[in-house]
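Values quoted throughout were computed directly from the atomic coordinates according to the rules given, and no laboratory measurement underlies them. If you're wondering where the values come from, they're calculated on a predicted model, not measured in any experiment. Every residue, glycine among them, receives a Cβ derived from its backbone with ideal geometry; neighbour counts consider all protein chains shown.
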Amino acid sequence: MKKLLTVYCLLLTAFLLGGCGPAKTTTENPPPSQPTPLPTKSLESSIGQRPFVNLVPTADGHWVNLSAENFPVGSLTVDYELIYFAGEIGNKVERGVAGTVDLKGERSLTRKILFGSESCTVKCKYHFDENVSEGSLTLKVKNAQGTDKYESAYRLQKGNEAKEGLTTGDGNFKFVATNLSANAYFLTISTIGVPSELPGVVAATPYGVFPTTSAKGMVSFKTAEQTDKIYLWNNSKWEELDSTYADGWVTAPVAKTGIFALVK
């Protein structure tokens, strides 16, 4: 009897420890996989493959002529968006103009963009936004592998502001001159790419001051490297300027506005 009781107790204990049913297995949902970020190419390695941008204001400051070239071979379409701020200081409003261009095998685009609005039936009528000051340009270049996005900032100023400096407002570049026409419009922009291969390693984002005109002045790039040199694009090749370094800036005298690059 004792033997049977002992066996019964052992079976009961095993049953209680093992549970009253089949063992349950717990599974946790694996955390969602995160997309692997694509490596961002450095300016040094990508400058030759980036689109080169010009943004030239008209004499009245109501329009800008956008041109972009050097899109990579195989580019299909380009989405562009030009944002600008207009109105009085303290009451600025943001406006925008956007569009898509089917490149059809081409590697460049041109567009004339209005700072304002237009209504065209028999004859076009224009409303111009006043006191346009600054903005940004975004290009999205689509190819078979995906989309490359490029962004640039610009600033629209009059010639009399060149005494203090024509800039994009980023604190990294300035063009100072005293002989520009006081009421002429000038636009300063980071050009994203360059019109031709540089004679060295690029050290900073290149800038353009448009339109190109005779203007004795000083061009400066902010840098910590005392040996960096400034180059000017003379419409056919890069021309080295006589650069000097002081107080965190490389500066060079120039005889005109144009496209400038800082080279190591």
- Note on the structure: In nanometres, the difference between 0.36 nm per residue of separation and the alpha-carbon distance of Ala59 and Asp102 is 12.5 nm
- Note on the structure: Plugging the Cβ-Cβ distance of Ser196 and Val93 into 1/(1 + (r/R0)^6) at R0 = 25 Å yields, to the nearest 0.05, a FRET efficiency of 0.05
- Message: Please compute the modelled spin-label separation between Ser67 and Glu239, points set 7 Å along Cα→Cβ, answer in nm with one decimal.
- Response: 1.8
- Query: What list of ³J(HN,Hα) couplings, whole Hz, do you get for region 244-256 from phi and the Karplus terms 6.51, -1.76, 1.60, once you set θ to phi - 60° and write x for glycine and proline?
  - Reply: 10, 10, 6, 6, x, 10, 9, 10, 8, x, 9, 10, 6
- Cα centroid separation, region 50-93 to region 106-124 (Å): 12
- Pull out the extension gain between Glu81 and Arg111, defined as 0.36 nm times the separation in residues minus the alpha carbon to alpha carbon distance; nm, one decimal. 9.7 nm
- Item | Burial ranking of peptide ranges 217-228, 93-104 (average Cβ count within 10 Å, highest at the top) | 217-228, 93-104
- Message: For the pairs Lys112/Lys229; Lys140/Lys237; Lys163/Lys256; Lys158/Lys264; Lys41/Lys264, flag any whose C-alpha to C-alpha distance is greater than 24 Å.
- Response: Lys112/Lys229; Lys140/Lys237; Lys158/Lys264
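State the extension gain, in nm to one decimal, for the chain segment bounded by Ala182 and Lys216, taking 0.36 nm per residue of separation less the distance between their alpha-carbons.
Residue separation times 0.36 nm, minus the Cα-Cα distance, leaves 10.8 nm.
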- Shape call for region 214-253 from the C-alpha gyration tensor, a ≥ b ≥ c root eigenvalues: rounded (a/c under 1.5), prolate (a/b greater than b/c) or oblate? oblate
- Task: Quote the FRET efficiency, to the nearest 0.05, computed for Ala224 versus Glu151 with a Förster distance R0 of 30 Å and r equal to the Cβ-Cβ distance.
- Result: 0.80
